[in-house]
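Bear in mind that the values in this text are calculations on the coordinates, not laboratory data. Since the structure is predicted, the reported quantities are computational estimates derived from the model, not experimental observations. Note: ideal-geometry Cβ built from the backbone for every residue, glycine included; neighbour counts use all protein chains shown.
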């Protein structure tokens, strides 16, 4: 069974710090990886997608992918209280499927 | 960007009635749409994959006769919860697939069955 694992948290960081969110996945042939942010009571919002090993930066967000270790992470620099949300890691389920497999999410709290 | 809308955003109904939820991709064509359900403090659960012009593919444990999905066009998919009961009360979210495997989510529909 294909699985995506995340620490449920809560992860608490002070404002201005770097928040580091981690995710591991079990399907070695997965090719596409996504980070979504979900505010309480709202639907998920796409933050980043990453397909190749290494880092991908977009503003204050950096996604890191290591396929050999089956590990993907999201770094949030200069964390703001508005970043407080649950962050969902999602991995494309291969084998011709179009489905994404989601982790259970990590709840991040940024304290002012 | 890629915008997906859902209607209604909130619905309250009596037990035994049917409820239809619409999901529209506003600025792109979504050959594939997905329907998820999320209970409070729990993760997203995929219910079904909907492809335009064909029957939906349901996940294990999801009753296809209870959750009717129609994907009649490249921009519209509907989910009908038939004979809704209180245990069907949940947050229903659709998503549209735009490119590769990227999914963009609608704002969700909160269903409360009394």
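For a quick protection proxy, order the peptides A:84-91, A:18-25 by their average other-Cβ count within 10 Å, most packed first. Walk me through the intermediate numbers first.
Numbers: A:84-91: 24.0, A:18-25: 19.5.
Sorting A:84-91, A:18-25 by mean packing, highest first, produces A:84-91, A:18-25.
Which order do the peptides B:104-111, A:41-48 take when ranked by the mean count of other beta-carbon atoms within 10 Å per residue, highest first? Working shown, then result.
Values: B:104-111: 20.9, A:41-48: 18.0.
My ranking of the peptides, most packed first, is B:104-111, A:41-48.
Ignore the peptide's own chain and count Cβ atoms of other chains within 10 Å of each Cβ in A:31-44; give me the average, rounded. Walk me through the intermediate numbers first.
On the way: counts 2, 3, 1, 3, 0, 5, 0, 5, 0, 1, 4, 5, 16, 9.
Neighbouring Cβ atoms belonging to other protein chains average 4 per residue here.
Roughly how many whole Å is it from the C-alpha centroid of segment A:1-77 to that of segment B:1-43?
25
Packing-wise, with mean Cβ within 10 Å as the measure, how do B:84-95, A:55-66 rank, highest first? Mind showing how you got there, number by number?
Working: B:84-95: 19.6, A:55-66: 15.0.
Averaged packing, sorted descending, gives the order B:84-95, A:55-66.
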